[in-house]
Structures are given as C-alpha cells and as structure tokens.
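Derivation of every value follows stated rules applied to the coordinates shown; laboratory data play no part. All of these numbers come straight from a predicted model, not from anything done at the bench. Cβ placement follows ideal geometry from the backbone for every residue including glycine, while neighbour counts extend to all protein chains displayed.
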Amino acid sequence: MKSLLFILSLALLPSLSYSKSTLDVVKERGFIKCGVNQGVVGFSSPDSKGKWKGIDVDFCRWVSAAIFGDDSKIRYIPLSGQQRFTALQSGEIDVLARNTTNTLSRDTSLGLNFAPTTYYDGQGFMVRKKDGITSVKDLNGASLCIQQGTTTELNASDYFRAHKMKFKPVVFENVDEVTQAFLKKRCDVLSADASALASERSKVKNPDDFIILPEIISKEPLAPVVRHGDDRWLDVVTWSVYAAINAEEIGLGQKNIDSFKKSSDPRIKRFLGITEGNGKALGLDERWSYHIVKLVGNYGEVFDRNVGMGSPLKLERGLNGLWNNGGIMYAPPMR
C-alpha cells in the first residue's frame, strides 16, 4: 500500500510542479479578466460611451498597471451577486472586484481569499421622504427590496430580530431590478450598502424625494477576491492596493510623481523602483508601483473622483480616510 501511495504521489508531481500561477497566465494572455458589478455608479458602471468607471474599475486598472505598465489591459466581466463567486471559482475571471463584503463564511467555505479592503461600508436604508420615516426603528412590518446573493438579507434579519421587529424581504437578482421595484412601490424600503444607496439615489429623476436613514446596521469591508492556493497572484493583487494607499500617505500623486525622481527619501526611491527589489519580489517590473500612481492615481485620488467630493455622490472619506487623518486606511511599509 505504501509503495502504491508513493507511486501515485510521484505521478502527481509533474502536474503540481508545472502548474502556473494566475500571474503567469495573465502575462501570457496579455490582459486581466476582472469581474465587476453590473452597474453601481462610483464602483463599476459603464458611461455613455461604454467606458467602465468606478473604484472597483480603478482597482483593476491598478493591477493592470502593475503587471503590464499599461492600465488598459483588462476585460471587464459584469456579474450579478449570484454569479460572482462561481465565476471566480471556475476560472472565468482572474479577480473579483465587485463591491464584495469580506466575511468569515465566504473566506473559509468558498475556496477564496480576500485582498485588502478598498472601501469600508455599512448597510443602510433608503425611504421615500413623503412617508415621514426618520429612523430604522420606524420600519417594523415594512417590506424591504434586497438584492439576491448579498449579505443584505442576513444583516436585516439579524438586526430586526435583535430589535424584536419584523420585515418582509422582496428579493431580486440585480441592482437595477431592486431599485426599479422600490421606485414602483413594490416595497417600502430599499436596503443595501450605504454607498450603493447613494449611487442609486444619484440616478433617479428627483433624488430629493428620497432620504437615506442615519443608522448603519452592519460592517461591510468591501475587498477584491481571488482563488485559494495562488499566493503569487494574491501578493500582486494585495500590494497593488497597498501601493495606492502608501502613495497617498507619502504624498505621491498622479500629477506630481515624476517630480520625485531625484528624491533622497528611501521610501520614495523604493516606490519609484530606483532602489530595486520590490518588483523582483512580486515577479513584476521594478517600476510597478510607479505605474500604478502615474497611470491611475493614489487611493485618495481614486476615492475622490469616483465617490468623493469630485464625484456626483460626494461621500465623505470617513473610515476610508488614511489612518493618520482620522480614518482606518492603513498599508504595511513597502520594504
């Protein structure tokens, strides 16, 4: 029996030793397959010309810039909440960047790994102003429009049960269906991540007719996702996020990064690839992090133009501010 097991293990060795990292596959293919939402303004949605924009889209661009020195080597694949994990597990996409909440069950039971959080969010509720609702505690017995395949229904169930309240879920597969059902009064309340509510509110004809209630009932750390068992790819995805955060912290932006090429600051020299080593460690060009900022921007720039004060949503940084400026965005040092 032992000899048979030994022979079988030898037979498996070639397939194990020659298996390729997703990074190798992506390099050979020449582009990244990035799973995104089907249309949430500020996170991932196509504009009138079909160009994808949003925080999650810019994350994909960070990774493309790091690997190729070009932020456009991406195929965006729109996915519903139900489709997203299967698409990643099956290899249909290389990375999922679809405002997905990192939870214990998802991290441990789906064969997936979460990269660093790119947006700290929480579940909220949007109601019609004329209904006179001012608090979640006024929602006992209400019907809630919710997207299928998300954490929203479980969060609502936990909250309402804890507060001895009841609600009726009205569930749809994608964001547009959920919002349209709410607008057509098929439910009393639209519930989703607070950022998604702000996004949907910005798209309606009369946004002032709706209010987002002040309470946030959950923690929703939104993060990119990759498959288990591929540490090289996880490292590239992880440090693409960390590079953008570090860049904002040390003052490197899209417009000024070239002015730092003669800097004597060791952190900046490593970031620009003048001091070598970080690129080799990741299997990338030494200027990988320079390309992230030069082509796409640092974390603060990406936040501002997509969901912050430079966008129609005008969301405050809040928890998404840097750790040294009142928020919790924090990246390990790049050394």
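Secondary structure note: in the range 123-218, about 45% of the DSSP beta bridges are antiparallel. Taking the DSSP bridge list for the chain and keeping only pairs wholly inside it, about 55 percent are antiparallel. The order of T117, T134, going from fewest to most other C-beta atoms within 10 Å of their C-beta, is T134, T117.
Rounded to whole numbers, the Karplus 3J(HN,Hα) couplings from phi for the range 58-71 are 5, 4, 4, 5, 4, 5, 4, 4, 5, 7, 10, x, 8, 8 Hz, using 6.51 cos²θ - 1.76 cosθ + 1.60 with θ = phi - 60°, and x at Gly and Pro. Ordered by the number of other Cβ atoms lying within 10 Å of each residue's own Cβ, fewest first, M126, M165 fall into the sequence M165, M126.
Dividing the helix sum by the residues of the chain, where each DSSP H run of 4 or more adds -39500 (n - 2.57), gives a mean residue ellipticity at 222 nm of -11500 deg cm²/dmol.
Note on the range 288-332: Cα-Cα pairs beyond 17 Å make up 39% of the total pair count.
In the range 131-209, how does Rg compare with the Kirkwood Rh, expressed as the Rg/Rh ratio over alpha carbon atoms?
0.94
Expected output is a single nm value to one decimal: the length gained when fully extending between R128 and I328, i.e. 0.36 nm times separation in residues minus the C-alpha distance. What is it?
Values: separation 200, 0.36 × 200 = 72.00 nm, distance 3.24 nm.
Full-extension gain reported as 68.8 nm.
Relative to its residue count, the range 230-289 spans a Cα convex hull of 73 Å³ per residue.
Quick check on the range 11-118: take the gyration tensor over C-alpha atoms, sort the square-rooted eigenvalues as a ≥ b ≥ c, and tell me if it's rounded (a/c under 1.5), prolate or oblate. Let's see the in-between values first.
Details: a/c = 2.13, a/b = 1.32, b/c = 1.62.
It is oblate, given that a/c is not under 1.5 and a/b is not larger than b/c.
Exposure proxy shown here: for L96, L315, the number of other Cβ atoms within 10 Å sets the order, fewest to most, as L315, L96.
Once backbone amide H atoms are built at 1.01 Å from N, L112 has H228 as its partners under 5 Å, excluding neighbours fewer than 5 places away on the same chain.
Normalised by 2.2 N^0.38 Å, where N is the number of residues, the alpha-carbon radius of gyration of the range 158-284 equals 1.62.
Shape annotation for the chain: C-alpha extents along the principal axes are 65, 63, 38 Å, from largest to smallest. Going 7 Å from the Cα of K255 along its beta-carbon direction, which residues of the range 308-328 have the amide nitrogen within less than 16 Å of the resulting point? Only 309-311 pass the distance filter. Database remark: amide H of S143 closer than 5 angstrom to the amide H of K168, D188, V189 (H placed geometrically; neighbours at sequence offset of 5 or more, or on other chains; Pro and chain starts carry no H). Would you pull out the residues with amide H under 5 Å of K53's amide H, same chain only if 5 or more places away, H placed 1.01 Å from N? Close amide H contacts, sequence-distant or interchain: S45, D47.
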